């Protein structure tokens, strides 16, 4: 208590000091005036001393009172000035402290906070991350940094747990989709001769493939991986057709390519996923009666894939935003719900080194350009081998994909049955030398029996002369008939053996 009192200024120790000073001044003045006036009274005649003493007493009292009042106000003014000076010192000190706090807080918000968050996201413990981060000099800010670090650590753990849960759920969906596609492939092989059932199975296969693409997108955004991986290069046309088979409006997509390049196996699924998202984006943002065109060009730096639509296009601000989504990493916290596909493209591009950008299309809409770098491009064995194999006979059955789908072009109206399973899509030539991860997905392709080609050709010529013109049917029906024609000769000639 004594130490606390000693630290106080004199005015705080004795609030009545001006009054004491005034009283002291009054008594001093009274004594001095009394002595002086007594000397004056003693020097006058006796008959005037009484009157002069009375007048002198009154005047002395008044003069002493005036001196006391003046002393009191002078003391009060001194106290006020001292308090004002101390207040100014405190204000200056507070301003200096506030400026220091503001500078340190700004520096921490600019550098320290991002460094602390980066360390926590890299897996460093909260205490270690706080210790490695530059600490401010103020105790209050140090406490704030500690509390902020603990809050960030808890939030990061909750976010990591949520992302792991999403990745696990996406993986389970991917496994279910894979099993369902395998089961559909079995049903397509079993009921391929029944026209109505086979067409429905193809449509169901396409829907499941779209669901698989969405599951792959969720897995990529949550830190997982794609459900399919290849061990051999996939030719560029198979990449494009596989991507086309994963979108809803695949009938509107037109592919223009003569490239013989192939994508290495470990990156084939990623390129296919990115191109599928861009195709789907182009189809969704263009009129339903327009087409989406896909072009492939081989450059010195790699293979350039261009997806163009005839929609309304993008304004410059929207184009900058789209380029930002496909070029910068984003997490789920700031991801717009309507641009999830572009975020998937950005994740794939960052993983494999793809360059993606948007530009105005020559068709009036938007063009998305994907540059596959040269280190992801290779050549298949078919490109460097001797002359290409002869085309498959007319009666041979088409190659069946991993999803039980085949690539077959219809006659007359030019309609085609595109592969939408897209696990591994064969080229249109059906060459046996094409590389890839088993385009049949483990399904044994049918073999032609000796003598079947000539017999089947004569039988078809006879049927064309005798059978009347049949009405046009849907693609599923035509393909079922195509399958049935390939197995008819084998069923009627049991004595033949497979070569």
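Report the residues of the stretch 96-112 in range of a label on residue 132: point 7 Å along Cα→C-beta, backbone N strictly under 15 Å from it.
112
When you have a sec, figure out the Kirkwood radius of the stretch 339-382 from all distinct Cα pair distances and drop it here in Å to one decimal? Spell out each step's value before the answer.
Values: mean 1/r = 0.0819 Å⁻¹.
Kirkwood hydrodynamic radius for the stretch 339-382: 12.2 Å.
For the ranges 114-123, 285-294, what's the packing order if you count other beta-carbon atoms within 10 Å of each residue, average per peptide, and put the highest first?
Working: 114-123: 15.4, 285-294: 17.0.
Those peptides, ordered most packed to least, come out 285-294, 114-123.
In what sequence, highest mean first, do 22-34, 269-281 appear when ranked by Cβ atoms within 10 angstrom?
Values: 22-34: 16.4, 269-281: 26.6.
Averaged packing, sorted descending, gives the order 269-281, 22-34.
Can you tell me the order of 305-315, 95-105 when each peptide is scored by its average per-residue count of other Cβ atoms within 10 angstrom, highest first?
Ranking, from highest mean packing down: 305-315, 95-105.
Quick one: Cα centre-to-centre distance for the stretch 40-70 and the stretch 155-205, in angstrom?
Using only Cα atoms, the two centres lie 120 Å from each other.
Taking the convex hull of the Cα atoms, report for the stretch 2-121 its projected area averaged over all directions, in nm². Each step should come with its number before you reach the end.
Values: hull surface 47.5 nm².
So the Cα hull casts an average projection of 11.9 nm².
Pairs of alpha-carbon atoms within less than 8 angstrom and 6+ residues apart define the contacts here; what relative contact order does the stretch 2-121 have, in percent? Let's see the in-between values first.
Working: 51 pairs, mean separation 37.4, N = 120.
About 31 percent, as a whole number.
Quote to one decimal, in nm, the extra length available between residue 109 and residue 328 on full extension: 0.36 nm per residue of separation minus the C-alpha distance between them.
Value of the extension gain: 76.6 nm.
At q = 0.19, 0.21, 0.29 Å⁻¹, what log₁₀ I(q)/I(0) does a Debye calculation on the Cα points of the stretch 263-325 give, no solvent, two decimals?
Relative scattering, expressed as log10 I(q)/I(0), comes to -0.89, -1.02, -1.24.
At 0.36 nm per residue, minus the direct Cα-Cα distance, what do residue 304 and residue 359 gain on full extension? Give it in nm, one decimal, please.
On the way: separation 55, 0.36 × 55 = 19.80 nm, distance 1.39 nm.
Once the chain is fully extended between residue 304 and residue 359, it gains 18.4 nm.
Bear in mind that the values in this text are calculations on the coordinates, not laboratory data. As the structure is a computational prediction, the values presented were derived from the model and not from experiment. Using ideal geometry, Cβ is built from the backbone for each residue, glycine included, and neighbour counts are taken over all protein chains shown.
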